[in-house]
Amino acid sequence: MAAAIEAGRTAPNADIVIVEKMDRLGKKILATGNGRCNFSNIGADTDNYYGRSKYFVKYCLERFTVNDTVNFFNQLGVFPKEEENGKLYPFSGQASAVSDCLRNEIARLGVKTETGFHVGIVANNKKGFKLEAKDGRVLYADRLIIAGGGCASPALGSDGSCFDLLKSLGHRVSELAPALVQIKTDPKEVKSLQGIKFDGVLRLIHNDRYIAEEKGEILFTSYGLSGPPIFRISAKLPFKKNMALSFDIMPEHTPKEVFDILVSRRDNLSHLTMEGFFTGLVNKRIGNLIAKRSGIEKLSFKVKDLDKTMLWSMASLLKDYRLDITGTKGFANAQVTAGGALTEDFDERTMESKIINGLYACGEVLDIYGDCGGYNLQWAWSSGRLAGASAAESMK
Ligand SMILES: Cc1cc2nc3c(=O)[nH]c(=O)nc-3n(C[C@H](O)[C@H](O)[C@H](O)COP(=O)(O)OP(=O)(O)OC[C@H]3O[C@@H](n4cnc5c(N)ncnc54)[C@H](O)[C@@H]3O)c2cc1C
């Protein structure tokens, strides 16, 4: 949609058509930002992006900056509101504002739309491109911009079919993986914690090294973990093995302070059993697991019998409770796709294919994805507008 708008503005006489397999344009936008559309981030920078060659985004983000995005949407009617960590939302708090204003501008520019047009085949010859929809409809074009997204959340349209189209045109597509997604752990380890929410610090461990840290509300589920910090940290998961999560349940205190707290609890609560030892300190179910991991099998164990080794073990677990990562909730639940069409096959200054003249790609279909927080849509707008402007310029 951004590509079509920029193309329409750059070449007002060009005949521009958006083809979309769903029954309307921009369905995914409605689901973004929990229905509020976190459409950009004030701090968007190369370092917020991932891909085999993430520096591919640099020129594009400088040509169509975050400020340009804010002005672009403001001009279309979407007044911005900045929230925590530089996240930008429509002031009205409605994602529909973003898709509506894009559709209005598309109509104003006279850009045509063909919905329910699921492109199944793209053929290319010297004259241009032939697009065949699965229902038999055919379209011809001098220029083609592929903006079909990845395979994340296929129910919203992006089913990965554009990777096949690009491959059929000679493009290379890297290994793909879901990102910005819930994380799976051994269900046995989290079963008893299902439904618990807690505010803590979460660290991602790869081959025994901390590689990322997030804070916020973490939710235990039947399969593993969810919540904003989990989504954010999952940006670092794709294509790595031997990953674990470490929870700091008492981030305000050092390990020695936690140990001292436990020692004084043992002394004050010496009349109790382990059943009551953690009450008022951490969620009881978390406390029970910590006691178990510290070798205390029975809750009837007397608090007064806790020795220093047991208390140190519990203090260490409260600071560093580990769960091995066994996977993610997959593309069906992911917000973005890690991997995609190799960027080295595209010109970063125009988004044009280096393999086929007149072919362009933008957004998530390329091997670029961003952190959670408005960075992915910023990439979609910047790269879409660059592709649209370049394709239209090349027609002049
Ligand atoms: C639930 C959810 C919440 C999100 N929240 C945010 C957020 O708040 N902020 C943020 O920055 N990012 C968010 N994202 C990520 C962001 O939405 C995507 O990165 C972005 O939409 C990618 O834009 P795109 O144009 O490349 O692809 P898409 O938005 O996926 O659009 C691709 C379009 O192409 C169509 N299509 C695909 N294949 C074909 C075909 N063969 N023929 C015809 N049409 C086809 C699809 O139907 C779709 O409409 C979220 C994603 C999800 C799933």
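Tabulated values for the structure
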| quantity | calculated |
| --- | --- |
| Residue match in region 124-136 (condition: polar (S, T, N, Q), surrounded by fewer than 21 Cβ atoms within 10 Å (Cβ to Cβ), out of contact with any helix residue (DSSP H, G or I) (no Cβ under 7 Å at 6 or more places or on another chain) and in contact (Cβ under 8 Å) with a residue 60 or more places away in the chain) | yes |
| Count of region 325-353 residues which are assigned to a loop (DSSP other than H, G, I, E, B), more than 18 Å from residue 385 (Cα to Cα) and among the charged types (D, E, K, R) | 1 |
| Subset tally (residues that are part of a helix (DSSP H, G or I) and either touching a Ser or Thr at 6+ places or on another chain (Cβ under 9 Å) or more than 10 Å from the ligand (Cβ to nearest atom) (or both)) for region 371-389 | 11 |
| Residue within region 353-376 that is basic (Lys, Arg), assigned by TED's automatic domain parsing to the domain that holds residue 140 and either in contact with a Leu (Cβ under 8 Å, 6 or more places away or on another chain) or more than 28 Å from residue 34 (Cβ to Cβ) (or both) present | yes |
| Residue 3 being in a helix (DSSP H, G or I), out of contact with any Phe, Trp or Tyr (no Cβ under 7 Å at 6 or more places or on another chain), aliphatic (A, V, I, L, M) and under 15 Å from residue 384 (Cβ atoms) | yes |
| Single residue of region 75-87 satisfying the filter (more than 21 Å from the chain's Cα centre (by Cα), in a loop (DSSP other than H, G, I, E, B) and not small (Gly, Ala, Ser)) that is surrounded by the most Cβ atoms within 10 Å (Cβ to Cβ) | 78 |
| Positions within region 347-370 being under 30 Å from residue 84 (Cα atoms) and either in contact with a strand residue (DSSP E or B) (Cβ under 8 Å, 6 or more places away or on another chain) or away from the ligand (no atom under 12 Å from the Cβ) (or both), in sequence order | 362, 364, 365, 366, 367, 368, 369, 370 |
| Meets criteria (surrounded by 24 or more Cβ atoms within 10 Å (Cβ to Cβ) and either in a loop (DSSP other than H, G, I, E, B) or of a type outside the set (Ser, Thr, Tyr) (or both)) for residue 392 | no |
| Single residue of region 12-32 satisfying the filter (farther than 20 Å from residue 387 by Cα and more than 7 Å from the ligand (Cβ to nearest atom)) that is surrounded by the most Cβ atoms within 10 Å (Cβ to Cβ) | 30 |
| Top-ranked residue in region 150-180 [being in a loop (DSSP other than H, G, I, E, B) and within 15 Å of the chain's Cα centre (by Cα); ranked as nearest to residue 228 (Cα to Cα)] | 180 |
| Residue within region 49-60 that is within 12 Å of the ligand (Cβ to nearest atom), in contact (Cβ under 8 Å) with a residue 40 or more places away in the chain and not in a loop (DSSP other than H, G, I, E, B) present | yes |
| Selection count where residues are open to solvent by 70 Å² or more (accessible area, probe 1.4 Å) and over 15 Å from residue 385 (Cα atoms), scope region 43-74 | 4 |
| Pairs where the first residue, in region 236-250, is outside the structural domain of residue 369 (by TED's automatic domain parsing) and the second is open to solvent by less than 20 Å² (accessible area, probe 1.4 Å) and among the hydroxyl-bearing types (Ser, Thr, Tyr), C-beta under 6 Å, 6+ apart | 247/321 |
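The values are calculated or read from the model by the stated rules, or taken from the named source; none is laboratory data. Because the structure is predicted, anything quoted here is derived from the model rather than measured. Cβ atoms come from the backbone with ideal geometry, glycine included; neighbour counts cover every protein chain shown. For accessibility, only protein heavy atoms count, side chains too; no ligands or nucleic acids. Shrake-Rupley method; radii C 1.70, N 1.55, O 1.52, S 1.80 Å.
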